[in-house]
Every structure is written in C-alpha cells, then in structure tokens.
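Here is the structure we will look at, set down as structure tokens.
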Amino acid sequence: LSRPGRSERHSFQQAARPERHSSQQAARSCRQRKNFSIVVENKGDGLTLGIVAEQGERTLQVVEISPGLVQQWNIGNPGQEVKQGDRIFEVNGVRGDSQKLVEECQKVPNL
C-alpha cells in the first residue's frame, strides 16, 4: 500500500467460531457462516493493511491482525470486525485465485 487516495473493497467469509456443542450443532454453525464486505482507505499516513494471511488455492485466511487499516476498521465497526480465521475471497472484484488476491492487495493503495 504505497499510494494514498483510493478505496478498495474486500469480501470476507466469517470463520466458524469454536463453541462447545454437539457435532450436529457444530455442523449447523459452519453452514451459518456469513459473507461480509469492508472498505478501508489508505490516507497516506504509512499504515499497511495490517493482516497476516495464509494463502490457500482460492482464498486468503486471516492468521493475525496487527496495527493497520483492518485494525482501524475493527475499532470503528464494532460487531463487523475482521477476525482471525476469516477468509478473504474477493478484493475489488478479483476472486477465485489467492495469488491474484495478494497482487490486488499490493497494487491498490486503499483497501
């Protein structure tokens, strides 16, 4: 994220949150994962996206959130936080290839 002034949209799938339930309840919980989108903007103040993600075949899985744009989103949007385990499946209309997702995150300054 090197150039300020543009916004970028990320689409996430909420991670299944571990709970102490029967296997049937756990399976139902996995089916109830929600998709959501966030828009973060790089204002040129040196912040990065601020996530560490594992690259799968089609998605990126959030492993860690560090200081940066996503952490700011989380603070400003309680109840809609990006969390460890969530998956990024689309960035600015790019989807289906995790390497292309990474490239889109790197070339567009605002997410």
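Please treat every number below as a calculation from the coordinates, not as lab data. Keep in mind that what you see is a predicted model, and the values were worked out from it rather than measured. Positions of Cβ are backbone-derived with ideal geometry, glycine not excepted, and every protein chain shown enters the neighbour counts.
Just a few scattered comments:
- For segment 55-111, the Cα gyration tensor yields ellipsoid semi-axes of 20, 13, 10 Å (square root of five times each eigenvalue, largest first, whole Å).
- Those lysines that a straight Cα-Cα span of less than 18 Å connects to K34, excepting residues fewer than 8 apart in one chain: K83
- Along the axis of the charge dipole computed for segment 31-83 (Cβ charges of +1 for Lys and Arg, -1 for Asp and Glu, origin at the Cα centre), the listed residues S66, G46, Q80 are led at the positive end by Q80.
- Lysines whose Cα lies under 18 Å from that of K107, excluding same-chain neighbours fewer than 8 positions away: K43
- Placing a pseudo-label 7 Å from each Cα along the Cα-to-Cβ vector at Q106 and V39 gives an inter-label distance of 2.6 nm.
- Here segment 74-109 is scanned for amide nitrogen atoms under 12 Å from the site 7 Å beyond the Cα of T48 along Cα-to-Cβ, giving 106.
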